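Single-structure report; data block below.
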Amino acid sequence: MIAFSSVAFFLGPILVGLGLVMLAPCFLAWEMGSADLGAFLISDAATMATAATLILATRHHKPVLRIREMFLLTNLAWFMVCLFGALPFVLSQTVGGLTDAVFESVSAVTTTGATVLSQLDQLPKDILLWRSTMQWIGGLGIIGLGAAILPYLRIGGMRLFRTESSDLSEKALPKTRRVLSRLLLTYLILTALCAGSYWVAGMDAFDAINHAMTTVSTGGFSTHDKSFAFFESGRIEIVGVLFMLLGGVPFMLYLPILSGHPTPLLRDSQVHTMLLIYFGAASLLAVWLVATGQMESVSAFREAAFNVVSIATTTGFVSADYMEWGALAVMLFFFLTFVGGCSGSTSGGIKIFRFKIAFVMFRETIL
């Protein structure tokens, strides 16, 4: 029998976190005198009230998570974050209705990047900030899920922790909390560095913060309809390439760096393979752009690298209309969408790790 009280015990703090994050667009709406302030306040109040109800109802409960509770917790957490995250879109009437609001919210939390919104340049800044924040939350959630839940389910090939049972025991919980807190710190540091780099490269503070959140999460939401083509800046594109790559790296490899040991990251074969694939694809595309007379060598490699990394990590930023680059570019991007980044990263796709496993199995059984 499923212990629903154990699931509710963890859902409460998750919603508290969502409610606290929702205060950022609330403050921005208040500061700008936006008409959306009421929508955000009501959404935040509903989120916090639900969280308080769950916390009070389970305050004397001692949680025990088995595999079935973990599956339920994972699904309910995603569902509730998407549902409450859709409230500002509905109440502000930014979208056509509940269906569009839920679509936008789910797309953000899953870092898919699809959107029902248009004319982004004319939308209120508080709504744009909430879209980016939702995507940032989604990227963090993917990392947290991989670190805290999947190892206990014995799936995914990532055994970050080893316990004698499938329960999330008292002995395992402190270790899980330590790892999650360090992952959160890493995520915050990368986001701050990305925002600062974008600002130095030429973005204003608002665009820098928004694009930093959607770059590190490899989600791809932008504050402009033209995405990165709006800025027309090579420096901004270079910053984007760097942090999209960092978002595509296994986040567990960043933890030793916090202790001054970068060796695991530098020696990881999955990271090496990812960089090799991306560099090869970008070089091929750059040669094609130069050979067809569309660009000069330096700008060709920069544009090729930006769009290759964006597509391969499933981020979705664009700096140009690559449909005009010819059949080779379109075909190359099509295949890169399946590649993805590394396992344990915020990127999507099949992931480099699975391709490496498939290659090893093919080599040992066929060749």
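Observations on the model:
- Residues that are in a loop (DSSP other than H, G, I, E, B) and without any contact (Cβ under 8 Å) to a residue 60 or more places away in the chain within region 245-261 comprise 259, 260, 261, listed in sequence order.
Residues checked against (1) assigned by TED's automatic domain parsing to the domain that holds residue 127; (2) among the hydrophobic types (A, V, I, L, M, F, W, C); (3) crowded, with 17+ Cβ neighbours inside 10 Å:
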| site | (1), (2), (3) |
| --- | --- |
| 47 | yes, no, yes |
| 53 | yes, no, no |
| 59 | yes, no, no |
| 71 | yes, yes, no |
| 82 | yes, yes, yes |
| 89 | yes, yes, yes |
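- Residue selected from region 103-119 under the condition free of Cβ contacts under 8 Å to residues at least 60 places away in the same chain and within 18 Å of the chain's Cα centre (by Cα), by the criterion surrounded by the fewest Cβ atoms within 10 Å (Cβ to Cβ): 114
- Residue match in region 298-313 (condition: at pLDDT 95 or above and outside any helix (DSSP H, G or I)): yes
- Test: residue in region 331-339 that is modelled with pLDDT under 95, in a loop (DSSP other than H, G, I, E, B), under 17 Å from the mean Cα position of the chain (by Cα) and more than 21 Å from residue 229 (Cα to Cα): no
- Selected residue [surrounded by 12 or more Cβ atoms within 10 Å (Cβ to Cβ), aliphatic (A, V, I, L, M) and over 16 Å from residue 243 (Cβ atoms)] from 275, 289, 265: 289
- Top-ranked residue in region 215-252 [being among the aliphatic types (A, V, I, L, M) and within 14 Å of the chain's Cα centre (by Cα); ranked as nearest to residue 131 (Cα to Cα)]: 216
- Residue match in region 341-361 (condition: crowded, with 23+ Cβ neighbours inside 10 Å, out of contact with any Pro (no Cβ under 7 Å at 6 or more places or on another chain), in contact (Cβ under 8 Å) with a residue 60 or more places away in the chain and outside any loop (DSSP other than H, G, I, E, B)): yes
- Residues that are within 25 Å of the chain's Cα centre (by Cα) and either touching a residue at least 40 places away in the same chain (Cβ under 8 Å) or in a helix (DSSP H, G or I) (or both) do occur in region 48-60, at least one of them.
- For the condition of a type in the set (A, V, I, L, M, F, W, C), at pLDDT 95 or above and part of a loop (DSSP other than H, G, I, E, B), residue 221 qualifies.
- Residues satisfying the stated conditions in region 33-54, i.e. at pLDDT 95 or above and of a type in the set (A, V, I, L, M): 37, 39, 41, 42, 45, 46, 48, 49, 51, 52, 54
- Note on region 1-21: among residues that are over 20 Å from the mean Cα position of the chain (by Cα) and surrounded by fewer than 16 Cβ atoms within 10 Å (Cβ to Cβ), the one that is farthest from residue 44 (Cα to Cα) is 1.
The values are calculated or read from the model by the stated rules, or taken from the named source; none is laboratory data. The shown structure was predicted, so the numbers you read here are calculated from the model rather than taken from an experiment. A quick note on method: Cβ atoms are made from the backbone with ideal geometry, for glycine too, and the neighbour counts reach across all protein chains shown.
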